[in-house]
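Coordinate-derived values only; no laboratory data. Nothing here was measured: the structure is a model prediction, and the numbers come from that model. Every residue, glycine among them, receives a Cβ derived from its backbone with ideal geometry; neighbour counts consider all protein chains shown.
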Amino acid sequence: MFKNILKIIISILLVQISLINSNAVEPDEILNNQKYEIRAREISKNIRCMVCQNQSIDDSSSSIARDLRILIRSKIEEGNEDKEIYKFLTKRYGDFILLKPPLKTNTIALWFLPFVFLLVGILVILNHNKKSNKFIKK
Amino acid sequence: MKNQFLKLPIIIFFIILFIFFYLLIIDRNPSKVPSALLNKSVPSFNAETLFKNKKFSSSEEFGGQVILVNFFATWCKPCRNEHVFIKRFAEDQNIKVIGINYKDDAEKAIEWLKKLGNPYSSVAIDKNGKIAIDWGVYGIPETFIVNSKGKIKYRHVGAITAKRYKKINQIIKEIE
């Protein structure tokens, strides 16, 4: 019984691992310089594939994603910094191309409202507890 | 005191609900991204051309009048659908239209334009999609309106329909 459960768990985990490694980078794109390749992969993971739904260009097999992956690699080989590559892309495609929205005046609410909600929630719970403690004491 | 505190989350909840409904009701398409290049100068580029034996140079082509820039390819079905409107811009409205042939076979493109009519004053060849990336293009067809100072004023992603044709004409008139 226990062995069977263990088998099932291990097979599920193995499937998960193979899913984690799935990506769309094609062999001919990969750079010989491993350091450059790692940098390219990191950047690609943060760049949105504009024609897909919430996929990075690292995950997408669409042709525009491939073009951008190749472009990022050639920019790295030309000696551009990561920052310069992000700037190059946002200048053309806007902030939308970044999967993580940058902290700017128009995104302050997006970044800080969750903390405000958390605070409100904590206050509500504390207040509620205080009341119910009083009620129990009575 | 207790009631007041409980009211706050409910009020916030309804505000959020209202915002969601508002965004649902107003006429907008969240998958269409405004161009980051709006009100910026056209990206400069040089390219081979389809018909002329001359190189395409953006610095020579833009400026002096309102120009439409249309990214197209023969393999793209919506491009064929909108072609009739691109022709109307050039023929009926007398607007200079520059075509950018995206990742296409030059021979096929020439044949395609001979068959369907060629509304383009010149056609630049974007063999590997590099020009498209400079324009922030992510899917063709895409059409841009460039004003007489060489600044991008409008961008349309997708095929031009009869409704969009009217709207683009209106925008061109406003710009002129």
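For chain A, the longest principal axis of the C-alpha atoms and the axis of helix A:82-93 are separated by about 90°.
Here the relative contact order of segment B:31-175, from alpha carbon pairs under 8 Å that lie six or more residues apart, stands at 33 percent. Between segment A:90-134 and segment B:114-176, the alpha-carbon centres lie 40 Å apart. With both partners inside the protein assembly as shown, how many of the DSSP beta bridges are antiparallel, as a percent to the nearest 5? Rounded to the nearest five, the antiparallel share is 60 percent. Shape index of the protein assembly as shown: Rg/Rh, with Rg the Cα radius of gyration and Rh the Kirkwood radius from the inverse mean 1/r over Cα pairs, equals 1.12. May I ask you to list the lysines whose Cα is less than 21 Å away from that of B:K55, ignoring any residue fewer than eight positions away on the same chain? Within reach: B:K96, B:K103, B:K108, B:K114, B:K127, B:K130. Each DSSP beta bridge with both residues in segment B:31-175 is either parallel or antiparallel, and the antiparallel ones are about 55%.
Listed by Cβ neighbour count within 10 Å, with the fewest neighbours leading, B:D104, B:D92, B:D126, B:D134 appear as B:D92, B:D134, B:D104, B:D126.
Using just its DSSP H runs of length 4 or more, each adding -39500 (n - 2.57), chain B gives a mean residue ellipticity at 222 nm of -13000 deg cm²/dmol after division by all residues. Peptide A:93-99 shows a mean partner chain C-beta count of 4 within 10 Å per residue C-beta.
For segment B:54-130, the list of trypsin sites (Lys or Arg not before Pro) that fall in a loop by DSSP and count at most 10 other C-beta atoms within 10 angstrom reads B:K54.
As a proxy for reagent exposure, A:I12, B:I152, B:I26 were ordered by neighbouring Cβ count within 10 angstrom, fewest first; the result is B:I26, A:I12, B:I152. Per-residue Cβ neighbour counts within 10 Å put B:Y165, B:Y22 in the sequence B:Y22, B:Y165, beginning with the fewest.
Computed from Cα positions, the angle between helix B:77-91 and the longest principal axis of chain B comes to roughly 70 degrees. The tail of the calculated P(r) for chain A beyond 19 Å holds 67 percent of all Cα-Cα pairs. When you work out D = kT/(6 pi eta Rh) for segment B:55-176 at 4 °C and 1.567 mPa s, using the Kirkwood radius from C-alpha pairs as Rh and the Stokes-Einstein form, the result is 91 µm²/s.
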